[in-house]
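The values are calculated or read from the model by the stated rules, or taken from the named source; none is laboratory data. Because the structure is predicted, anything quoted here is derived from the model rather than measured. So basically every Cβ, Gly included, is an ideal-geometry build from the backbone, and we count neighbours across all protein chains shown. SASA here: full protein model, heavy atoms, side chains in, ligands and nucleic acids out. Shrake-Rupley method; radii C 1.70, N 1.55, O 1.52, S 1.80 Å.
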Amino acid sequence: MTSYTVTVEPLGREVECAEDQTILDACLRNGVWLPHSCTHGTCATCKAEVLDGDVDHGASSAFALMDFERDEGKVLPCCATPRSDVVIEADIDVDESVEVFPVEDYTGTVVELSDIAEQTRRLVVELDREIRFNAGQYLKFTVPAADGKPSVDRTWSIGSPPGERLRLEFHVRLVPGGRGTEDWVFGSLVVGDRVAVSGPYGRFVLHTGDDRHAVLVGGGTGTAPLKSMVLHALEAGAYGGPLTLYAGGRTRAWLYDVDVFRRLAKEHPDRFTYRPCLSEETEAEVAASGDDPSAYAYGTVTDVLAADHESLTGCAGYLCGPPAMVEAALRTMMGKRLFPRDIYREDFFNEADKAAGGVKSPLIKR
Ligand SMILES: Cc1cc2nc3c(=O)[nH]c(=O)nc-3n(C[C@H](O)[C@H](O)[C@H](O)COP(=O)(O)OP(=O)(O)OC[C@H]3O[C@@H](n4cnc5c(N)ncnc54)[C@H](O)[C@@H]3O)c2cc1C
Ligand code: FES
């Protein structure tokens, strides 16, 4: 297999990259941090400049990397493979308080696969050896070829805390027609199956050097990386400031791990506040079912967030879930006087978003 040398400026670091390997993959496996988020050519977070050499742009979305940008020598390292020795210049934004763990391949065994909410499954995988990661990061799963369809990679955020290095939990939402979800996690996958994963990936991490009030907002399975952050902060004492979690679901049937978060809020009353938000169920309906209506907030996560705070100045925002929700929460936070630099986001882009161009935010540099 032919390989080429990729030089990353301004670091001056060199890595070997096989001709069928993405530049991002080669860098992350060799401990060279490049900014990235989706790792499938949709979000444009990784955009860099080719200073010298030739690349194949691979599966880069035409929206994330437009034709004129390709002509100007821009590249998405998460999709691009080298066709010669290459020099790239990347916008490297390293937070010194966040440890960088190289990406590696692992094999795991599915030890739990259970329905935890409407169209939502908990997938627990026991790895063959320990992995180190930051709270908030994700793994890439190889969805095996089946029914004449080729193997594909899919990304799911780790819901368990970094202290648990062998047994990792994931929360997966069913996407109708989806290769990874309908066909696999909600289809053929069973307990005992062996799975191939790689990681850790992503820059959506709990900034443990911080002690600001962390306002965490998750829609649906967007709660997964936030659960990892909350557990890491509270049980390992990894974060100095208070945390508030807004977890959104249409009705109570769409929320999960409510008891876990309620227990944490009870055990850490000065550190952790839990706000489960119901967008399609009213206070009267909750009361009529015999449940305590005061245990929930009513409206979308952004409605509740907006009503709860006069100002978010001095806080740090962590937003995760469907791209439209993340964008709405971002705008709400900015309206409450939080700057984009104080807001971290993870958009759960899928193949449909990639084909449609995702959600373009004029408000924040990806
Ligand atoms: C960083 C990151 C972390 C994530 N973490 C999580 C998580 O913790 N939990 C979670 O549930 N999800 C998460 N996601 C989303 C996840 O990666 C998958 O996108 C999601 O699970 C759907 O995968 P799928 O293979 O089932 O669907 P896909 O195969 O991606 O299909 C999605 C939809 O698009 C349609 N489609 C497929 N191809 C095209 C096309 N070319 N044009 C138009 N439409 C098309 C399909 O029919 C389907 O309706 C995350 C995403 C990212 C980027
Ligand atoms: S990480 Fe490269 S486009 Fe998203």
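Annotation: Arg122 carries an accessible surface of approximately 30 Å², with a 1.4 Å probe and no ligand, DNA or RNA atoms counted. Using heavy atoms of the protein chains and a probe of 1.4 Å, the accessible area assigned to Val190 is about 80 Å².
Amide H contacts for Asp85 (H built 1.01 Å from N in the peptide plane; partners 5 or more residues away or on another chain; cut-off under 5 Å): Thr5. Taking a ≥ b ≥ c as the square roots of the eigenvalues of the alpha-carbon gyration tensor, segment 213-356 is classed rounded because a/c is under 1.5. Solvent-accessible area assigned to carbon and sulfur over the chain amounts to 48 percent, based on a 1.4 Å probe. To the nearest 10, the accessible area of Glu267 is 100 Å² with a 1.4 Å probe.
Just add up the charged neighbours of Val260: K/R +1, D/E -1, any other residue whose Cβ is under 13 Å from the Cβ of Val260.
Net local charge, Val260 excluded: 0.
The Cα center of segment 93-152 and the Cα center of segment 19-58 differ in position by 20 Å. Between Ser151 and Thr2, the FRET efficiency from the beta-carbon distance, with R0 = 22 Å, is close to 0.45.
Here segment 286-335 and segment 211-273 have alpha carbon centers that stand 13 Å from each other.
Among Val152, Val125, what's the order by accessible area (1.4 angstrom probe), most exposed first?
Descending accessible area places them as Val152, Val125.
Of the residues Glu280, Glu49, the one with the largest accessible area comes first in the ranking Glu280, Glu49, computed with a 1.4 Å probe on protein heavy atoms. A cut-off under 12 angstrom between Cβ atoms defines the neighbours of Met229, and their net charge, with Lys, Arg +1 and Asp, Glu -1, is -2. Summing charges over neighbours of Thr251, with a neighbour being any other residue whose Cβ is under 12 Å away from its Cβ, gives -3 when K and R count +1 and D and E count -1. Based on DSSP H segments of at least four residues, each scored -39500 (n - 2.57), the chain has a per-residue ellipticity at 222 nm of -5000 deg cm²/dmol. Residues in the chain average 42 Å² of solvent-accessible surface per residue, probe 1.4 Å, ligands and nucleic acids excluded.
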